[in-house]
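Student: Quick one: the structure is below, questions incoming.
The values are calculated or read from the model by the stated rules, or taken from the named source; none is laboratory data. Note that this is a predicted model, so its numbers are computed, not measured. Positions of Cβ are generated from backbone atoms using ideal geometry, with glycine treated the same way; all protein chains shown enter the neighbour counts.
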Amino acid sequence: MKLTVAIDGPAAAGKGTISKAVAREFGLAHLDTGLLYRAVGAKVLAGAAPVEAAEALVPADLAPEDALRTPDVAQAASRVAADPEVRAKLLEFQRNFARREGGAVLDGRDIGTVICPDAEVKLFVTASAEARAERRYKELIGNGHEVTPEQVLADVKARDARDAGRDAAPMVAAEDAVMLDTTELSIAEALDRARECIRLKIK
Ligand code: DC
């Protein structure tokens, strides 16, 4: 079976949680494409050149997930992601992953528009900036980061503006994506809706 589920949306909208859960339930492989950009961003923070860092990326670079989930790395990821050459270096890996036998879920910003425009299922998961910042704040505090709610909201808004405003594969919902606004939804409710979309397609 070749089934691609593309899940896009801004930071902390819930796409990671939804992607992991549906991948598990439907027996699909999962790729968090944000991790690719985070790994490149982390290498750039350590002194590497962005395009070379993207070209040299290996699976082990994605393994220290906690170290990649810091606010500094998130901003660095968003900056390197605006470079079309960096994006080009990461394209083939993502496309190959998407068409793997057994099916795959990919989450990111441009999966339904650029990486997999033919994906069988496309979701665009969003929520208000305030709701997303509150979730991200709790997550960061829970992981021992010292941040304030104001900082996190400012970071979320800066990242939204950069990710949606860039010329190269900007964050935008594909025309045929199902919109899922999770501002007022519990995780269980958001998951129910995502599940339903996939079931309709694979029936
Ligand atoms: O999903 P995330 O927050 O881990 O992503 C980190 C950054 O990577 C995000 O701000 C923009 C970039 N990104 C992208 O440009 N395209 C993707 N498919 C995934 C992430």
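Student: Please work out which residue is farthest from Asp118 (Cα to Cα), limiting yourself to segment 12-32 and to residues that are within 9 Å of the ligand (Cβ to nearest atom) and buried (at least 22 other Cβ atoms within 10 Å of the Cβ).
Tutor: Residues of segment 12-32 that are within 9 Å of the ligand (Cβ to nearest atom), as a first pass: 12, 15-16, 32.
Restricting the remaining residues to those that are buried (at least 22 other Cβ atoms within 10 Å of the Cβ) gives 12, 15.
Numbers: Ala12: 25, Lys15: 19 Å.
Of everything passing the filter in segment 12-32, Ala12 is farthest from Asp118 (Cα to Cα).
Student: Let me ask something else about it. Which ranges mark the helices (runs of 4 or more DSSP H) fully within segment 96-203 that have 3 or more residues being within 16 Å of the ligand (Cβ to nearest atom) and under 18 Å from the mean Cα position of the chain (by Cα)?
Tutor: Numbers: elements: 129-142, 149-165, 187-202.
Where helices (runs of 4 or more DSSP H) fall fully within segment 96-203 and carry at least 3 residues being within 16 Å of the ligand (Cβ to nearest atom) and under 18 Å from the mean Cα position of the chain (by Cα), they are 129-142, 149-165.
Student: I would also like to ask the following. Could you list, ordered by first residue, the pairs with Cβ atoms under 7 Å in which the first is in segment 154-165 and under 16 Å from Val80 (Cα atoms) and among the hydroxyl-bearing types (Ser, Thr, Tyr) and the second is within 10 Å of the ligand (Cβ to nearest atom) and modelled with pLDDT under 95, at least 6 apart or interchain?
Tutor: none
Student: Moving to a separate point now. Taking the condition of being farther than 30 Å from Gly27 by Cα and either modelled with pLDDT under 95 or surrounded by 18 or more Cβ atoms within 10 Å (Cβ to Cβ) (or both), how many residues in segment 164-187 meet it?
Tutor: Kept after step one, since they are farther than 30 Å from Gly27 by Cα, are these residues of segment 164-187: 164-168.
Imposing the further condition that a residue be either modelled with pLDDT under 95 or surrounded by 18 or more Cβ atoms within 10 Å (Cβ to Cβ) (or both) reduces the set to 166.
Summing the residues that are farther than 30 Å from Gly27 by Cα and either modelled with pLDDT under 95 or surrounded by 18 or more Cβ atoms within 10 Å (Cβ to Cβ) (or both) in segment 164-187 gives 1.
Student: Considering each of Ala104, Ala133, Ala190 in turn, give the residue that is surrounded by 17 or more Cβ atoms within 10 Å (Cβ to Cβ) and in contact with a strand residue (DSSP E or B) (Cβ under 6 Å, 6 or more places away or on another chain).
Tutor: Ala104
Student: Next question, about the same structure. For the subset of segment 39-80 comprising residues that are in a loop (DSSP other than H, G, I, E, B), of a type outside the set (Ser, Thr, Tyr) and touching a Leu at 6+ places or on another chain (Cβ under 9 Å), which member is surrounded by the most Cβ atoms within 10 Å (Cβ to Cβ)? Break it down stepwise before answering.
Tutor: Within segment 39-80, the subset in a loop (DSSP other than H, G, I, E, B) is 46-49, 56-58, 63-64, 69-70.
After this cut, where a residue has to be of a type outside the set (Ser, Thr, Tyr) as well, the list is 46-49, 56-58, 63-64, 69.
Cutting the leftovers down to touching a Leu at 6+ places or on another chain (Cβ under 9 Å) gives us 57, 69.
Working: Leu57: 19, Arg69: 16.
If we take residues in segment 39-80 being in a loop (DSSP other than H, G, I, E, B), of a type outside the set (Ser, Thr, Tyr) and touching a Leu at 6+ places or on another chain (Cβ under 9 Å), then Leu57 is surrounded by the most Cβ atoms within 10 Å (Cβ to Cβ).
Student: Turning to a different aspect of this structure: Among the β-branched types (Val, Ile, Thr), within 9 Å of the ligand (Cβ to nearest atom) and farther than 19 Å from Thr113 by Cβ: does that describe Val73?
Tutor: On the way: among the β-branched types (Val, Ile, Thr): yes; within 9 Å of the ligand (Cβ to nearest atom): yes; farther than 19 Å from Thr113 by Cβ: yes.
Yes: the conditions hold for Val73.
Student: Would you check which residues across segment 14-32 are within 10 Å of the chain's Cα centre (by Cα) and basic (Lys, Arg) and list them? It would help to see each step written out before you state the result.
Tutor: Taking segment 14-32 as the starting set, the residues that turn out to be within 10 Å of the chain's Cα centre (by Cα) are 14-16, 19, 31-32.
Within segment 14-32, Lys15 is the sole residue that qualifies.
Student: Within segment 136-156, can you find the residues that are surrounded by fewer than 17 Cβ atoms within 10 Å (Cβ to Cβ) and not acidic (Asp, Glu)?
Tutor: In the first step, residues of segment 136-156 are kept if they are surrounded by fewer than 17 Cβ atoms within 10 Å (Cβ to Cβ); the result is 138-139, 141-151, 154.
Matches in segment 136-156: Lys138, Ile141, Gly142, Asn143, Gly144, His145, Val147, Thr148, Pro149, Gln151, Ala154.
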